[in-house]
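Chemist: Quick one: structure below, then a few questions.
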Amino acid sequence: MGLDQYAGSREPMESKFVWRKHAKLQAYMEDLWYSKHKDEINCEELVLDKEDIIDLREKLEKNEMPESEGGFFYGHEFQDESAKEYKEQDLEFCNWALNEIEQGRQVVYTCWY
């Protein structure tokens, strides 16, 4: 078991991007989730807006992603390595997501652990 993460367009829901145990991305998305919701993020859809994606891209470019305090399945002990390995994909996701939003489609993030 472990942290599986997905992002895609809602209509139709298609997981365009997939990550595995990307603890820093999860920490970012959890912070965002809890600023909007009070319940648990696991298996829920987080709708991302343009400002969320721009903020994420800025943090990625500046290497300022939040540290994960961990979760039992998050792989937090390797979060710096995972962040480096996924950086290109993360930036590709941001560019794709901004285009999707510009086209009027919703972009969602979900995770399962």
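Chemist: Restricting to the stretch 1-29, count the residues that are crowded, with 18+ Cβ neighbours inside 10 Å and not hydrophobic (A, V, I, L, M, F, W, C).
Modeler: 8
Chemist: Ok, one more. If you take the residues in the stretch 37-70 that are buried (at least 18 other Cβ atoms within 10 Å of the Cβ) and of a type outside the set (D, E, K, R), which one is nearest to residue 113 (Cα to Cα)?
Modeler: Only one residue fits best here, namely 41.
Where a number appears in this text, it was derived from the coordinates with a stated rule and is not lab data. Here the structure is a predicted model, which is why all the values come from computation and not from measurement. For neighbour counting, all protein chains shown are included, and Cβ atoms are generated from backbone atoms with ideal geometry for every residue, glycine included.
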